[in-house]
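A short worksheet on the structure shown next.
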Amino acid sequence: MSQIVKTMEERLAKNFKDSLSKNPHLARYLDNLARKGEELPEYFEQLSREMRYSKEVNILYPVGDPIFIHIKSVKPGERPSYIVIQPTINEKICRIMEIVEELIISKIDESVDFKTVEEHEEVLKKILKNTIKIDGSLKTGDYRIEKKSGYKRIYVNNETYRSLEYQLIMDKIRMGILEPFIRDEYIEDVSCDGVGPIFVEHKIFGSCQSNIVFRDEYELDNFVRKLSERTGRPVTFRNPIVDASLPDGSRINIVFGKDISM
C-alpha cells in the first residue's frame, strides 16, 4: 500500500469518526443496522461513476452536516433504497418545538428582508441560542422551563437542541423534506405522484425509492401548498398547475392533488 493511499484512508477514517461524534443520529442509525444483523455500509466522501457497475450497492455518503445518504440494493429487479439519515423528532420533541415556536415568534421580525438564506439562518440560530440552553443532565426529548423576571428559557440536552435547531431551520428557512435531495449533487430528478414514497433519479444508481414518505393526502396537500408559496406562485384549485423555480434554481412542476416533480 502506497503512503498516499494509506494517508487518504486514515483521513477518511478520521472524517467518518468526526461525523459519528458530531451526529448521534448517524451513530444510532448504524447501531440499529448492526443490532439487526445487517451489513454496515461503506463510507465515501465522494462517489465515482464506476460504482454503477457494482452488483450490490451498500454505501454511505454525506451531503452536508447533519444529513447523510445510505443507498443499498434491495432485491434483483427492484429499485435501490435511498435512505435519508437526518435528525428526527419524536412526540416529545414535537411538543418542545411547539413551546419553542411560541417563545421565539415575538423575537422574529417578519418585515426584515434577508439578502441570503444563510443570513436568515444565522439570525434564527442566534434567537434559538438566547431562548434554549443546554443541560447535559437531561435525557433526549426531556426539557425544563425556567421563568426569571417574566422571561422564559427552556433547557434541553445537546442532541435535543440540535434536532430542534435542524427542524426549525428546515421548516422556516430551507426546503423541508426536499432539502436532502437539493443538497445531494448526485440527484438529477425528484418525483412524487401521490401518497407514498418520493422517488429520485440518481446520476450513478438510477431510479431509487427514498424513505421520505407522504402518509396521507392531507400531509401531501399541506406540503404542496407550503412549497408553492415558497416559489411565490401559490397553487390553488383554480390554479392547480405550477411551473416555477426553487431558491437554489431547481425547476419544479406541481400538479395540485396529484404529483410533484423537480
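Go through the residues of the stretch 211-233 one by one and say whether even a single one is over 18 Å from PHE68 (Cβ atoms), touching a Phe, Trp or Tyr at 6+ places or on another chain (Cβ under 7 Å) and hydroxyl-bearing (Ser, Thr, Tyr).
no
To keep it simple, each residue is scored yes or no on (1) at pLDDT below 85; (2) surrounded by 18 or more Cβ atoms within 10 Å (Cβ to Cβ); (3) under 19 Å from the mean Cα position of the chain (by Cα).
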{"position": "GLU45", "(1), (2), (3)": "no, no, yes"}
{"position": "LEU60", "(1), (2), (3)": "no, yes, yes"}
{"position": "GLY64", "(1), (2), (3)": "no, no, yes"}
{"position": "VAL74", "(1), (2), (3)": "no, no, no"}
{"position": "ASN90", "(1), (2), (3)": "yes, no, yes"}
{"position": "VAL112", "(1), (2), (3)": "yes, no, no"}
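Which residue out of LYS14, LYS107 is of a type outside the set (Phe, Trp, Tyr) and surrounded by fewer than 13 Cβ atoms within 10 Å (Cβ to Cβ)?
Going through LYS14, LYS107 in turn, just one is of a type outside the set (Phe, Trp, Tyr) and surrounded by fewer than 13 Cβ atoms within 10 Å (Cβ to Cβ): LYS14.
Look through the stretch 189-216, keep the residues that are among the charged types (D, E, K, R) and either assigned by TED's automatic domain parsing to the domain that holds MET170 or part of a loop (DSSP other than H, G, I, E, B) (or both), and return whichever of them is modelled with the lowest pLDDT.
Within the stretch 189-216, the match that is modelled with the lowest pLDDT is ASP193.
How about the stretch 47-58: which of its residues are exposed (fewer than 10 other Cβ atoms within 10 Å of the Cβ), within 13 Å of LYS203 (Cα to Cα) and not small (Gly, Ala, Ser)?
ARG49, GLU50, TYR53
Looking at the structure I just gave you, is TYR166 surrounded by 12 or more Cβ atoms within 10 Å (Cβ to Cβ) and in contact with a Leu (Cβ under 7 Å, 6 or more places away or on another chain)?
No; evaluated as a whole, the condition is false for this residue.
Name the single residue, out of those in the stretch 187-210 being buried (at least 20 other Cβ atoms within 10 Å of the Cβ) and of a type outside the set (Val, Ile, Thr), that is farthest from ARG95 (Cα to Cα).
PHE205
Confirm whether SER73 is out of contact with any Pro (no Cβ under 7 Å at 6 or more places or on another chain) and among the small types (Gly, Ala, Ser).
In short, no.
So, of the residues in the stretch 54-96 that are in a loop (DSSP other than H, G, I, E, B) and aliphatic (A, V, I, L, M), which turns out to be farthest from GLU42 (Cα to Cα)?
Only one residue tops the list, namely ILE89.
Looking at (1) part of a loop (DSSP other than H, G, I, E, B); (2) over 21 Å from the mean Cα position of the chain (by Cα); (3) surrounded by fewer than 18 Cβ atoms within 10 Å (Cβ to Cβ), find the lone condition where PRO247 falls short.
Result: PRO247 fails condition (2) only.
The values are calculated or read from the model by the stated rules, or taken from the named source; none is laboratory data. Model, not experiment: these values are computed from the prediction. All Cβ positions, glycine included, derive from the backbone under ideal geometry; neighbour counts span all protein chains shown.
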